[in-house]
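The values are calculated or read from the model by the stated rules, or taken from the named source; none is laboratory data. Just so we're clear, the structure is a prediction, and the values are computed from it rather than from any experiment. Cβ: placed from backbone, ideal geometry, glycine included. Neighbour counts: every protein chain shown.
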Amino acid sequence: MVFNPLPGLELVWDVIAFIISFFLILMLVQINARIEKSGALSTTVTRKVIHTFAAPLWVVTWMLFSGGVFSRWLAMIAPLLFVILFVAIGTGKMINEDFVGSMSRSGDPKELLGGTLYYATLMVIIAILWFYVPTDGNLANATPLALIVFGCLAGGDGFADVIGRKYGGDKKFGIGGAEKTLAGVIGMFIGSVLFSTILVFLFSLEVTTFSVIDLFIPILVVSLVATIVEAITPKGLDNLTITIAAIVMILLLPFLGLYWPFAPFSLF
């Protein structure tokens, strides 16, 4: 919930909330790195576990922040630090076998400069523009845009890979080196709807305008568009295209006559 157990010290509490959010994500990465090193799970699996849960876990920690003017800026520092780490590791300025082992397919540090870096960078941008509490701190003007976008980017894309690998078979399609399957496409849609709905529900406990019933049709529409875009995206670009497609579709919802009584941005 947006709250402040330190009345009059909102900034201090937001710093504490940032530390909590950063270490939760770091723990997710480190735990998966240990699992990958033990041989219990492959890099492919640990990479997707992190992809699927990192953004949703971080977004849920948004409810720890006070909702003050500095909340979004402190919330975005967590993924920003990971952006810096990925660049440092990918360019050889830093060595971190845990990050490389748990988040790259090939074990090449340079791989962190691709989709992994896009993922973290998008987290930063979305926090700045669409942190759910607006700059005026009024929950009546909150927006669930980020919740649905991350539902598609994290849950949808994560499910697409896992379900596609398990049930996709040999019939694959795609452009630009991408290998998609029908099972993966279905997984993308299911994961997007499921994660978006769960995130909206969790935040609806605090923000009454985030009604799962009212937002379910918009979630279905955005998830469908994100699924179609993911299916035709060239290899290595899906983190970007899914996010852009979801954001654009959400911003277009009012013009299509669909429910979306929220401001297009929460920063202004």
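Check off (1) in a helix (DSSP H, G or I); (2) in contact (Cβ under 8 Å) with a residue 60 or more places away in the chain for G67 and give me the number that stays unchecked.
Of (1) in a helix (DSSP H, G or I); (2) in contact (Cβ under 8 Å) with a residue 60 or more places away in the chain, only one is false for G67: (1).
Is it the case that A127 is among the hydrophobic types (A, V, I, L, M, F, W, C) and more than 17 Å from I25 (Cα to Cα)?
no
State all residues of the range 228-244 that are polar (S, T, N, Q) and more than 15 Å from the chain's Cα centre (by Cα); if no residue qualifies, say none. Full working, then the answer.
At the first step, the residues of the range 228-244 found to be polar (S, T, N, Q) are 233, 239, 241, 243.
Once the filter is applied, which keeps residues that are polar (S, T, N, Q) and more than 15 Å from the chain's Cα centre (by Cα), the range 228-244 yields only T233.
List, please: which pairs have Cβ atoms under 7 Å, are six or more places apart or on different chains, and start with a residue in the range 214-232 that is outside any helix (DSSP H, G or I) and end with one that is not acidic (D, E)?
I232/I175
Would you confirm, using the coordinates I've provided, whether S102 is surrounded by fewer than 16 Cβ atoms within 10 Å (Cβ to Cβ), in the same structural domain as P79 (by TED's automatic domain parsing) and out of contact with any Gly (no Cβ under 6 Å at 6 or more places or on another chain)?
When the stated conditions are applied, S102 does not pass them.
For the list (1) assigned to a helix (DSSP H, G or I); (2) touching a Phe, Trp or Tyr at 6+ places or on another chain (Cβ under 9 Å); (3) modelled with pLDDT under 90, I need the number of the one condition that V100 fails.
(2)
Got a number for residues in the range 252-268 being closer than 28 Å to G184 by Cα and in contact (Cβ under 8 Å) with a residue 40 or more places away in the chain?
1
If I filter the range 162-173 for residues that are within 27 Å of L202 (Cα to Cα), in contact (Cβ under 8 Å) with a residue 60 or more places away in the chain, in the same structural domain as I198 (by TED's automatic domain parsing) and part of a helix (DSSP H, G or I), do I get at least one hit?
To start, the set of residues in the range 162-173 that are within 27 Å of L202 (Cα to Cα) comprises 162-163.
Restricting the remaining residues to those that are in contact (Cβ under 8 Å) with a residue 60 or more places away in the chain gives 162.
Add one more test, that the residue is in the same structural domain as I198 (by TED's automatic domain parsing), and what stays is 162.
Cutting the leftovers down to part of a helix (DSSP H, G or I) gives us 162.
Checked the range 162-173: at least one residue is within 27 Å of L202 (Cα to Cα), in contact (Cβ under 8 Å) with a residue 60 or more places away in the chain, in the same structural domain as I198 (by TED's automatic domain parsing) and part of a helix (DSSP H, G or I).
Inside the range 144-178, can you point out the residues that are surrounded by 15 or more Cβ atoms within 10 Å (Cβ to Cβ), more than 17 Å from A55 (Cα to Cα) and of a type outside the set (A, V, I, L, M, F, W, C)?
G164, R165, G168, G174
Within the range 31-43, does at least one residue satisfy the condition of being surrounded by 21 or more Cβ atoms within 10 Å (Cβ to Cβ), within 15 Å of the chain's Cα centre (by Cα), part of a helix (DSSP H, G or I) and not assigned by TED's automatic domain parsing to the domain that holds L205?
First, the residues of the range 31-43 that are surrounded by 21 or more Cβ atoms within 10 Å (Cβ to Cβ): 32-33, 36.
Right, trim to within 15 Å of the chain's Cα centre (by Cα) and you get none.
Scanning the range 31-43, I find no residue that is surrounded by 21 or more Cβ atoms within 10 Å (Cβ to Cβ), within 15 Å of the chain's Cα centre (by Cα), part of a helix (DSSP H, G or I) and not assigned by TED's automatic domain parsing to the domain that holds L205, so the answer is no.
Among the residues of the range 233-268, how many are hydrophobic (A, V, I, L, M, F, W, C), assigned to a loop (DSSP other than H, G, I, E, B) and over 21 Å from A142 (Cα atoms)?
Matching residues across the range 233-268 total 1.
Mind checking which residues of the range 179-192 are more than 23 Å from S266 (Cα to Cα) and either in contact with an Asp or Glu (Cβ under 7 Å, 6 or more places away or on another chain) or surrounded by 24 or more Cβ atoms within 10 Å (Cβ to Cβ) (or both)? Give the steps one after another, and end with the answer.
Pass one, the range 179-192, residues more than 23 Å from S266 (Cα to Cα): 179-191.
Matches in the range 179-192: G184, G187, M188, G191.
Does T61 qualify as being surrounded by fewer than 16 Cβ atoms within 10 Å (Cβ to Cβ) and either in a loop (DSSP other than H, G, I, E, B) or within 20 Å of the chain's Cα centre (by Cα) (or both)?
Against the criterion (surrounded by fewer than 16 Cβ atoms within 10 Å (Cβ to Cβ) and either in a loop (DSSP other than H, G, I, E, B) or within 20 Å of the chain's Cα centre (by Cα) (or both)), T61 does not qualify.
Report the residue count in the range 116-141 for those that are crowded, with 23+ Cβ neighbours inside 10 Å and part of a loop (DSSP other than H, G, I, E, B).
Total meeting the criteria: 3.
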